[in-house]
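Student: Attaching a single structure in structure tokens format; questions to follow.
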Amino acid sequence: MATSIPIIETRGTHYEVGHQIGVAAREHLRAMHAETCAEYRSTWQQLLRASAPFVAATQQRLPNVLEEMRGVAAGAEIPFDDLFLMSVEELLYEEVRGLEVRNWKLEVGDTRSSPALPTPSPVTRHPSPPKGCSDLAAAPPATRDGHVWLAHNNDLGASSRAHLFVTRFRVTGEPEILAVTVGGWFISIGMNHAGVSLTGNQLNANDSRAGVPRLLIVRDILAQTNLDDALASALMPERASSYNNIIGSQDRRIVNAEGSATAAAVTWAHTDDGIIAHTNHYLAPEMLHLEADAAHRNMSASRCARALDYAQKYRGHIDFEICARLLRDHVYAPWSVCKHAGQSVTVFSAIIDLTELKLWLARGNPCENEFSLYTI
């Protein structure tokens, strides 16, 4: 069954692009806003106050991203502060441990010019939302045709399917970006015209802190024109936390940055015959002490094991068909790569041929839905 994801086309300055997104996805963003406010109810104002240092850090490090968000908020007719808080997973879904905002300072630049930040009031923490991602990334010699191939399944709450878009960001002075978004603006994965791609996985670390929200760093990673700058963005010292970021480039390099707020382990595909496989738990030995969600490790490990099985079995032959076969895999169900039940299910699947800048997407479970082609 073909269930393509609708496209939002944009062009202009950061603010103009944001405003176009806000208008196009207004119904979806407002519904997401209402759901989030209802979930947190009486703690919302406390959370808004707690988000102040995150706003300050983002304004200092990524002012263009904030300007784009202001456009989104205006176009969607949502208060900017509310929309910003919706992007701070570190506050909404994780405890920011050891947060002493008066002592918090930027690690780059003159700390004497850092903004004065108020200490937030304690707030009720909510458990992490149902999320999961399974990834296989392959470059030569692991691929059949010498291309760079990436396969990604994205697991969220089933209601997220209704809010999916493909957003084309054409911001003046930046490479064109083609990204899968929730609500038009919150980026999940993507690639740009400079030949840089980003996929990856949520991680749950125990050292989250005030800083630039990881969800907003994703936007900056995809604005870069080469892999080295994209990696530097992923590892910016001001980050509040980090995803596991899998960054690919057309020059046949793929890097995996398994990060937290204060640490990172960087591995390169060429050290393992062109392969990277990852899901939602820490793999690098030096990062294991940062794991904050050991209870769900087995759910992630089963999917990671299956991706590694494919990497080993099909090394030298990975292409579109092998990627699609992995994303439809049900071994180890209900914790399979293609996930149908539980708090999180597969809401979309993506296959990227980065060499030819092609993106195939299946909305929902890829075993039930066809892949549609999107190009940049």
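Derivation of every value follows stated rules applied to the coordinates shown; laboratory data play no part. Model, not experiment: these values are computed from the prediction. When we count neighbours, we look across all protein chains shown, and the Cβ atoms used for this are built from the backbone with ideal geometry, even at glycine.
Student: What does the helix-only formula give at 222 nm for the chain: each DSSP H stretch with n ≥ 4 adding -39500 (n - 2.57), the total divided by the residues, and the result rounded to the nearest 500 deg cm²/dmol?
Tutor: Mean residue ellipticity at 222 nm (helix-derived): -8500 deg cm²/dmol.
Student: Here is a follow-up. Counting only C-alpha contacts under 8 Å and six or more residues apart, can you give the relative contact order of region 195-289 as a whole percent? Display every interim value, and only then the final one.
Tutor: On the way: 184 pairs, mean separation 28.5, N = 95.
Across region 195-289, relative contact order equals 30 percent.
Student: Based on the alpha-carbon gyration tensor of the chain, what equivalent-ellipsoid semi-axes (square roots of 5 times the eigenvalues) come out, in whole Å, largest first?
Tutor: Each semi-axis is the square root of five times an eigenvalue, giving 30, 23, 21 Å.
Student: Points 7 angstrom from Cα along the Cβ direction at I7 and N206: gap in nanometres?
Tutor: Computed distance between label sites I7 and N206 equals 4.7 nm.
Student: Of G342, G259, G364, which is the most mobile in a GNM of the chain whose springs link Cα atoms less than 10 angstrom apart?
Tutor: Evaluated over the chain, the most mobile residue of the options is G342.
Student: Please give the net charge around G259, taking every other residue with its beta carbon less than 12 angstrom from that of G259, where Lys and Arg add +1 and Asp and Glu add -1.
Tutor: -1
Student: I'd like the distance between the alpha-carbon centres of region 188-243 and region 130-179, rounded to an integer number of Å.
Tutor: 13
Student: Now, a different point. Using 7 Å Cα-to-Cβ label points, what is the R41/Q312 separation (nm, one decimal)?
Tutor: 5.0
Student: Still on this structure, please answer the following. Kindly write out, for region 182-193 in residue order, the coupling ³J(HN,Hα) from the Karplus curve 6.51 cos²θ - 1.76 cosθ + 1.60 (θ = phi - 60°), rounded to whole Hz, with x marking Gly and Pro.
Tutor: 9, x, x, 10, 7, 7, 9, 9, x, 8, 10, 5
Student: Report ³J(HN,Hα) in whole Hz for each residue of region 346-353, in order, from the Karplus equation J = 6.51 cos²θ - 1.76 cosθ + 1.60 where θ = phi - 60°; Gly and Pro get x.
Tutor: Rounded to whole hertz, the list is 6, 9, 7, 10, 9, 10, 10, 9.
Student: Residue separation times 0.36 nm, minus the C-alpha to C-alpha distance between D251 and D145: what's the value? Before the final figure, lay out the partial values.
Tutor: Working: separation 106, 0.36 × 106 = 38.16 nm, distance 1.43 nm.
Working it through step by step, the gained length comes to 36.7 nm.
Student: If you don't mind, there's one more thing I want to ask. With label points built 7 Å along Cα→Cβ from the Cα atoms of H193 and E27, find their separation and express it in nm.
Tutor: A separation of 3.1 nm, rounded to one decimal place.
Student: Another question, then. So what is the relative contact order of the chain, in percent, for Cα pairs below 8 Å that sit 6 or more residues apart?
Tutor: On the way: 902 pairs, mean separation 76.1, N = 376.
Reported relative contact order: 20 percent.
Student: Using a Förster distance of 35 Å, how high is the FRET efficiency between T267 and Y93, based on the Cβ-Cβ distance and rounded to 0.05?
Tutor: On the way: r = 26 Å, r/R0 = 0.75.
With R0 = 35 Å, the Cβ-Cβ based efficiency is 0.85.
Student: Then there's this: Roughly how far apart, in whole Å, are the Cα centres of region 280-359 and region 1-76?
Tutor: The distance from the Cα centre of region 280-359 to that of region 1-76 comes to 29 Å.
Student: Could you run the Karplus curve 6.51 cos²θ - 1.76 cosθ + 1.60 with θ = phi - 60° over region 137-151 and give me ³J(HN,Hα) per residue in whole Hz, x for Gly and Pro?
Tutor: Per residue, the Karplus-derived 3J(HN,Hα) values read 10, 9, 10, x, x, 7, 9, 5, 10, x, 8, 9, 10, 9, 10 Hz.
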